[in-house]
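Worksheet: one structure, shown below.
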Amino acid sequence: MAELKLSESRDLTRIERIGAHSHIRGLGLDSALEPRAVSEGMVGQTAARKAAGVILQMIKDGKIAGRAVLLAGQPGTGKTAIAMGMAKSLGLETPFAMVSGSEIFSLEMSKTEALMQAFRKAIGVRIKEETEIIEGEVVEVQIDRPAVSGAASKTGKLTLKTTEMETVYDLGAKMIEALGKEKVQSGDVIAIDKASGKITKLGRSFSRSRDYDAMGPQVKFVQCPDGELQKRKEVVHCVTLHEIDVINSRTQGFLALFTGDTGEIRAEVREQIDTKVAEWREEGKADIVPGVLFIDEVHMLDIECFSFLNRALENEMAPILVVATNRGITTIRGTNYKSPHGIPIDLLDRLLIITTQPYTKDEIRKIVDIRCQEEEVETSEEAKALLTHIGVETSLRYAINLITAAALACQRRKGKLVESEDITRAYNLFLDVKRSTQYLIEYQNQYMFNEAPLGDGDEDDASAMLS
């Protein structure tokens, strides 16, 4: 008898790309805010993670609005990873806006407008409202379709029940269409918003759990609702101030939210929205949720942007500002003055500074292990040891980039485990910064727009670049 082969099916509903920080799940702290050695994708940087954890706890308690934090350290020491860990630990309720310093300079809007929009993306409004809903288990759905198409609209009846009562509702064409879209059938527990007519499928009733022999993992079983069918329920909507700005600034503002074409928003619109939100707060209809605005490569901002940040942090609805930079003492953009991290002293004075340290050899090994697991690359111990050595001698980022390249080399030789020979092949194919710089120095005369040949002073500069 021929063996039955089931065709392999792939679930295409959830496709995730593996990014540079996709392995980060949080800050890796315990309940006492003590950092674990390896946890939630984070390795090392114990002092910086603990400091970020303290800031995070103060954000959750609502005690640190309008403050600013600076993550400072050498390239490749995990500054963005700590910011991503903070975002994951905050959860979905707290807004987290992430921008790069160079994003501010756009031709479409002024620098201050871009910063203002970023600030308002990081301020959430939790709006509470009471709505009437019909909640129950579907007993039967009857839809009467006309014999001749176009002769009359479809009509139908929906029978809903709770543990105490059962009612039959007449359905119009729109409700029939909504039921069809949600694929509602008898045995489903649904909620209908009376005001908007929106149907939400809550799951299937436990009483119907034996209707089918096999069900997908996405099927959720819930109890049949008790009490009356019609209930008053408090619904909480979480939006950002920027979303409210965009919707109110133009006739089709909600479309602009999807396209990203928000343009400049007038100050009068923002003032009216702030007044309205303040009214809602007084009436108890809304709460302000100060989120986090993370600006990476903050040294790319100029003196006007820094002045704007100084003023914006004094606003009563300001979010927590987290900035990161890898620069030392450098020129402030837009001036001839030098300052630590390229940030003016008056703004530096407002910042709580968290420093990151270079990773040790053991920490690089642990990060290599995590990245191999994240990228689903089976690697031998010798290959991991070689990657760790490359990470120590060149840079951690370069070593991580070699993992996928080595996996492809292994695939080409039809191997199942990435060996050190695959790492060596990828290492020879792709240069790191030091070898690339050495190559440039050796062959610089053959490149276009080359400066004068190296003199004695230039050789010292070149050796400094290599070291």
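Being open to solvent by 100 Å² or more (accessible area, probe 1.4 Å), of a type in the set (Lys, Arg), touching a helix residue (DSSP H, G or I) at 6+ places or on another chain (Cβ under 9 Å) and modelled with pLDDT of 90 or more holds for only one residue in LYS361, LYS338, and it is LYS361. Within the stretch 94-146, the only residue that satisfies the criterion of being farther than 19 Å from LEU321 by Cβ, touching a Ser or Thr at 6+ places or on another chain (Cβ under 8 Å) and part of a loop (DSSP other than H, G, I, E, B) is PRO146. Taking the criterion of being of a type outside the set (Val, Ile, Thr) and within 19 Å of GLN373 (Cα to Cα), the residues of the stretch 37-78 that qualify are ALA37, SER39, GLU40, GLY41, MET42, GLY44, GLY78.
Residue-wise test of (1) within 26 Å of the chain's Cα centre (by Cα); (2) closer than 23 Å to MET109 by Cα; (3) of a type in the set (A, V, I, L, M).
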{"position": "ILE265", "(1), (2), (3)": "yes, yes, yes"}
{"position": "GLN272", "(1), (2), (3)": "no, yes, no"}
{"position": "PHE294", "(1), (2), (3)": "yes, yes, no"}
{"position": "CYS305", "(1), (2), (3)": "yes, yes, no"}
{"position": "GLY328", "(1), (2), (3)": "no, no, no"}
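For the stretch 344-370, a residue qualifies if it is more than 26 Å from the chain's Cα centre (by Cα) and under 29 Å from TYR398 (Cα atoms), and the qualifying residues are THR360, LYS361, ASP362, ARG365.
Once the stretch 300-320 is narrowed to residues that are open to solvent by less than 10 Å² (accessible area, probe 1.4 Å) and at pLDDT 90 or above, the residue that is nearest to GLN357 (Cα to Cα) is LEU301. Selection of the stretch 417-431 for residues being free of Cβ contacts under 8 Å to residues at least 40 places away in the same chain and within 22 Å of LYS366 (Cα to Cα) yields LEU417, GLU419, GLU421, ASP422, THR424, ALA426, TYR427. If the condition is being more than 25 Å from ASN336 (Cα to Cα) and touching a Pro at 6+ places or on another chain (Cβ under 8 Å), then the stretch 262-318 contributes VAL289, PRO290, GLY291, VAL292, LEU293, MET317, ALA318. Just one of the numbered conditions (1) hydrophobic (A, V, I, L, M, F, W, C); (2) modelled with pLDDT of 90 or more; (3) surrounded by 13 or more Cβ atoms within 10 Å (Cβ to Cβ) is not true of ILE345: (3). Looking across the stretch 26-44, just one residue is open to solvent by 70 Å² or more (accessible area, probe 1.4 Å) and closer than 11 Å to ALA81 by Cβ, and that is GLU40. Pairs linking a residue in the stretch 327-338 that is free of Cβ contacts under 8 Å to residues at least 40 places away in the same chain and under 10 Å from ASP302 (Cα atoms) to a residue that is open to solvent by less than 60 Å² (accessible area, probe 1.4 Å) and among the β-branched types (Val, Ile, Thr), with Cβ atoms under 9 Å and 6 or more positions apart or on different chains, are ILE332/ILE303; ILE332/ILE343; ARG333/ILE303; GLY334/ILE303; THR335/ILE303. Quick check: is even one residue across the stretch 446-463 modelled with pLDDT under 85, small (Gly, Ala, Ser) and under 21 Å from THR394 (Cβ atoms)? Yes.
Taken over the stretch 370-383, the criterion of being under 24 Å from HIS21 (Cβ atoms) and open to solvent by 50 Å² or more (accessible area, probe 1.4 Å) is satisfied by GLN373, GLU376, GLU378.
The set of residues in the stretch 38-93 that are farther than 19 Å from LEU309 by Cβ, charged (D, E, K, R) and modelled with pLDDT of 85 or more comprises ARG49, LYS50. Any residue in the stretch 241-256 that is farther than 20 Å from LEU92 by Cβ, at pLDDT 85 or above, out of contact with any Leu (no Cβ under 9 Å at 6 or more places or on another chain) and crowded, with 17+ Cβ neighbours inside 10 Å? Checked the stretch 241-256: at least one residue is farther than 20 Å from LEU92 by Cβ, at pLDDT 85 or above, out of contact with any Leu (no Cβ under 9 Å at 6 or more places or on another chain) and crowded, with 17+ Cβ neighbours inside 10 Å. Within the stretch 183-217, restricting attention to residues that are in a strand (DSSP E or B) and small (Gly, Ala, Ser), the residue that is surrounded by the most Cβ atoms within 10 Å (Cβ to Cβ) is SER205. Got at least one residue in the stretch 145-167 being farther than 30 Å from ARG266 by Cβ, of a type in the set (A, V, I, L, M) and buried (at least 21 other Cβ atoms within 10 Å of the Cβ)? Among the residues of the stretch 145-167, at least one is farther than 30 Å from ARG266 by Cβ, of a type in the set (A, V, I, L, M) and buried (at least 21 other Cβ atoms within 10 Å of the Cβ), which makes the answer yes. Mind checking which residues of the stretch 415-449 are loosely packed, with under 11 Cβ neighbours inside 10 Å and within 13 Å of ALA405 (Cβ to Cβ)? ASN428, the sole residue that qualifies. Note on the stretch 399-440: among residues that are closer than 17 Å to ASP369 by Cβ and among the hydroxyl-bearing types (Ser, Thr, Tyr), the one that is nearest to the chain's Cα centre (by Cα) is THR404.
The values are calculated or read from the model by the stated rules, or taken from the named source; none is laboratory data. What you see is a predicted model, and the numbers here were worked out from it, not measured in a lab. For neighbour counting, all protein chains shown are included, and Cβ atoms are generated from backbone atoms with ideal geometry for every residue, glycine included. Protein only, heavy atoms only, side chains kept; ligands, DNA and RNA dropped before computing areas. Shrake-Rupley method; radii C 1.70, N 1.55, O 1.52, S 1.80 Å.
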